[in-house]
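These notes are about the structure you will find just below.
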Amino acid sequence: MPIVVDIDVMLAKRKMSVGELADRVGITPANLAVLKNGRAKAVRFTTLAALCEVLDCQPGDLLRWEPDGPGDGNGNGTAQESGASVPAGSSPQ
């Protein structure tokens, strides 16, 4: 997938654990791991906003685009959509 998630970079800069970030954002550590490891097909803007608030960063600090290589796996060079998403859970306190 050409969208790369750099949450681990921001976690290291903020000296924060995945568990602490998940708790402060209001999502499960498992859902955060799916997003962090690049397995999510979508992310809600409310989740992205909560991540940015807690990590004190911009969306571009967490997400970047890299072009697909020749073996991108979908056969036609276009992105495929999915209804899957990482839910925002409860709003951060």
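Readers should treat all values here as calculations from the given coordinates under stated rules, not as data from a laboratory. Quantities reported herein were computed from a predicted structural model and do not represent experimental measurements. Neighbour counts run over all protein chains shown; Cβ positions are idealised from the backbone, glycine included.
Numbers below:
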{"item": "In order through segment 50-63: 3J(HN,Hα) via Karplus (6.51 cos²θ - 1.76 cosθ + 1.60), integer Hz, x for Gly, Pro", "result": "5, 4, 5, 5, 5, 8, 6, 8, 9, x, x, 6, 9, 10"}
{"item": "Thr46 paired with Ala30, simple spin-label distance in nm, labels 7 Å along Cα-to-beta-carbon", "result": "2.0"}
